[in-house]
Amino acid sequence: MNSPQAEVWERYAAKYTPRRALNAAGASTWLNWTQYPDHGPDESVLGNLKGKRVLELGSGAGANLAHLATLGAICTGIDIAPSRAHTAQQTWGHLGDITFATADAVEYLATTTTTFDIVYSIFGAVWFTDPTILFPLVRKRISDEGVFAFSHPPASPHEYKPGQVIRQWHLPPTRWTNLLIGTGFAGAAAEVIDAPEPGEPGTVLVYASAT
């Protein structure tokens, strides 16, 4: 993939520090919704995973998705940075039914014919994509019993400059849930997960059900 957005994320990927080998509990794979290690809820937010078809939007180095593969999920991860899919597949491809691909989230959802049971994003594509474009595409590609969840930092003042390659969507929790309901999700909720240390920024976690 060759685009200004892909080039920016490829430069970011080059600075990536791999996740540590084990977490505080001694596990070699785990899912982390927040920006802090060993903090916040786990994969239970997504419900039962065994046999479920899962899509991660902005899968990066693949560590979160790899954990879901160990729990029996059928996993697909997409990331716009070309090097990410190769690195993730090399690192985690042996763990189960897991595939990584280079793709823009909007383009992928607009062209795939696969129906997913779970779609999620952790500080990933949802944070960087116009929700009025992305959410209808997610709803179209999610099963009737499906779950959509994502996390990102709390809303903060952010000025978008014309010509800026990457834009962050800084929306308050109620705005996210209203957009999801307006898109056709039957239920949506959002919470702010406090940081482990006072004074540090928390994490917004949003989840929605298709029916």
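The values are calculated or read from the model by the stated rules, or taken from the named source; none is laboratory data. Computed from a predicted model, the values in this text were never measured in an experiment. Neighbour counts are summed over all protein chains in view; Cβ atoms, including those assigned to glycine, are modelled from backbone coordinates with ideal geometry. The area values use the complete protein model at the heavy-atom level, side chains included, leaving out ligands, DNA and RNA. Shrake-Rupley method; radii C 1.70, N 1.55, O 1.52, S 1.80 Å.
Structural remarks
- The set of residues in the range 167-181 being open to solvent by 50 Å² or more (accessible area, probe 1.4 Å) and in contact with a helix residue (DSSP H, G or I) (Cβ under 7 Å, 6 or more places away or on another chain) consists of Arg167, Gln168.
- Trp127 vs. criteria under 20 Å from Asn64 (Cα atoms) and modelled with pLDDT under 95: yes
- Screening Leu65, Leu109 for residues that are open to solvent by less than 10 Å² (accessible area, probe 1.4 Å) and either part of a loop (DSSP other than H, G, I, E, B) or farther than 23 Å from Glu7 by Cβ (or both) leaves exactly one candidate, Leu65.
- Some residue of the range 195-207 being closer than 20 Å to Cys75 by Cα and either touching a helix residue (DSSP H, G or I) at 6+ places or on another chain (Cβ under 6 Å) or open to solvent by 70 Å² or more (accessible area, probe 1.4 Å) (or both): yes
- Among residues of the range 11-27, those that are surrounded by 14 or more Cβ atoms within 10 Å (Cβ to Cβ) and over 17 Å from the mean Cα position of the chain (by Cα), counted: 1
- Restricting attention to the range 1-10, the residues being open to solvent by less than 30 Å² (accessible area, probe 1.4 Å) and assigned to a helix (DSSP H, G or I) number 1.
- The single condition among (1) in contact with a strand residue (DSSP E or B) (Cβ under 6 Å, 6 or more places away or on another chain); (2) at pLDDT below 95 that Leu57 does not satisfy is (2).
- Taken over the range 28-49, the criterion of being surrounded by 15 or more Cβ atoms within 10 Å (Cβ to Cβ) and charged (D, E, K, R) is satisfied by Glu43 alone.
- Long-range neighbours under 9 Å by Cβ, at least six apart or interchain, first residue on the phi < 0 side of the Ramachandran plot within the range 197-211, second crowded, with 18+ Cβ neighbours inside 10 Å and of a type in the set (D, E, K, R): Ala208/Arg139; Ala210/Arg139
- Selection from the range 185-202 of residues that are under 17 Å from Ile118 (Cα atoms) and part of a loop (DSSP other than H, G, I, E, B): Phe185, Ala186
- Test: Thr99 is part of a loop (DSSP other than H, G, I, E, B), touching a Ser or Thr at 6+ places or on another chain (Cβ under 8 Å) and within 27 Å of Lys52 (Cβ to Cβ): no
- Counted residues, the range 68-96 - those being in contact with a helix residue (DSSP H, G or I) (Cβ under 7 Å, 6 or more places away or on another chain), outside any loop (DSSP other than H, G, I, E, B) and closer than 19 Å to Leu46 by Cα: 6
- Close pairs from the range 58-70: first of a type in the set (S, T, N, Q), partner at pLDDT below 95, Cβ under 6 Å, at least 6 apart: Thr70/Leu95
- Residue among Phe116, Phe123, Phe185 that is open to solvent by less than 40 Å² (accessible area, probe 1.4 Å) and closer than 20 Å to Gly62 by Cα: Phe116
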